[in-house]
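Notes for the one structure printed next.
The values are calculated or read from the model by the stated rules, or taken from the named source; none is laboratory data. These numbers come from a predicted model, not from an experiment. Backbone-built Cβ (ideal geometry, glycine too); neighbour counts: all protein chains shown.
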């Protein structure tokens, strides 16, 4: 079954219009979802719309409300909300071009594949794709979907284009409030070189197929075992990282870095008292050897 287009319309660059189709680039993975079950009966639990102090209410009595202060709401019905929805013009106008690395990663929300709608659109589509690639730019614009306006970016991807929905500025928390207490000083040069060597050792081309959601895999196995066990409890032993032999959690960063890149930790010198004790023992033992 062919995928259903998320959006069809035209990309407009000045006086040039390119008919395109937009498809979701991602899909829901193998995530496992659970239902709440009433254990004595084995039936799923449903939820009712309930008002505190009144009880269950009919669906027709429910309207949308926006809280303007504690406990005070402005009530809106569906017609009022529908009236302010942005009309879908089926046109994505490219209004700005920015460097590919200029948009911070937390603005990106969801990717979509963009393809020409028909053969007549292919020539203009390829021109836009190659022009963006040559200039190393990302195009920005706004498109209306399902009544709301979305900020999007468009960039080359192989033979096609990728459109990504972007978050607006007020949807992103400022990083400074989280990072302000982190020290700004630079670490020792040797530590940086060791960390760099470790990065070099583990560098490789990205391949998403190399990674799996181990939690989902484990849940699937558990569900299979549980089904075969016919309701009996099945528990898996999971090894937790811990300290061997009750040793301290304090890490010698330099030693850990050297060990990680294949180097050897510096040998620890024995305390002077112990060395002296060994020498004394050796002297005491020598007469016995002579008698032997």
Check the range 235-242 and report whether any residue there is over 28 Å from the mean Cα position of the chain (by Cα), surrounded by 10 or more Cβ atoms within 10 Å (Cβ to Cβ) and either over 30 Å from residue 194 (Cβ atoms) or modelled with pLDDT of 60 or more (or both).
-> no
State whether one or more residues within the range 137-148 are surrounded by 13 or more Cβ atoms within 10 Å (Cβ to Cβ), without any contact (Cβ under 8 Å) to a residue 24 or more places away in the chain, in contact with a helix residue (DSSP H, G or I) (Cβ under 9 Å, 6 or more places away or on another chain) and assigned to a strand (DSSP E or B).
-> no
Log entry, pairs with first residue in the range 159-172 being touching a residue at least 40 places away in the same chain (Cβ under 8 Å) and on the phi < 0 side of the Ramachandran plot, second being surrounded by fewer than 17 Cβ atoms within 10 Å (Cβ to Cβ) and in a helix (DSSP H, G or I), beta carbons closer than 8 Å, six or more apart or on different chains, reads 166/107; 167/106; 167/107; 172/106; 172/107
Going through the range 109-136 in order, the residues found to be in a strand (DSSP E or B) and modelled with pLDDT under 95 are 109, 110
Return the total of residues in the range 74-98 being within 30 Å of residue 114 (Cα to Cα) and part of a loop (DSSP other than H, G, I, E, B).
-> 7
Hey, can you tell me all the residues within the range 20-73 that are touching a strand residue (DSSP E or B) at 6+ places or on another chain (Cβ under 8 Å), within 30 Å of residue 113 (Cα to Cα) and surrounded by 10 or more Cβ atoms within 10 Å (Cβ to Cβ)?
-> 20, 21, 22, 23, 24, 25
Test each condition in (1) in contact with a helix residue (DSSP H, G or I) (Cβ under 9 Å, 6 or more places away or on another chain); (2) modelled with pLDDT of 90 or more for residue 49 and report the one that comes out false.
-> (2)
Just one of the numbered conditions (1) modelled with pLDDT of 80 or more; (2) touching a helix residue (DSSP H, G or I) at 6+ places or on another chain (Cβ under 9 Å); (3) over 29 Å from residue 261 (Cα atoms) is not true of residue 222; which one?
-> (2)
So how many residues does the range 7-31 have that are modelled with pLDDT under 90 and under 18 Å from residue 164 (Cα atoms)?
-> 3
Is it fair to say residue 156 is under 24 Å from residue 9 (Cβ atoms), outside any helix (DSSP H, G or I), touching a residue at least 24 places away in the same chain (Cβ under 8 Å) and touching a helix residue (DSSP H, G or I) at 6+ places or on another chain (Cβ under 6 Å)?
-> yes
Kindly indicate whether any position in the range 99-106 is part of a strand (DSSP E or B) and farther than 23 Å from residue 15 by Cβ.
-> yes
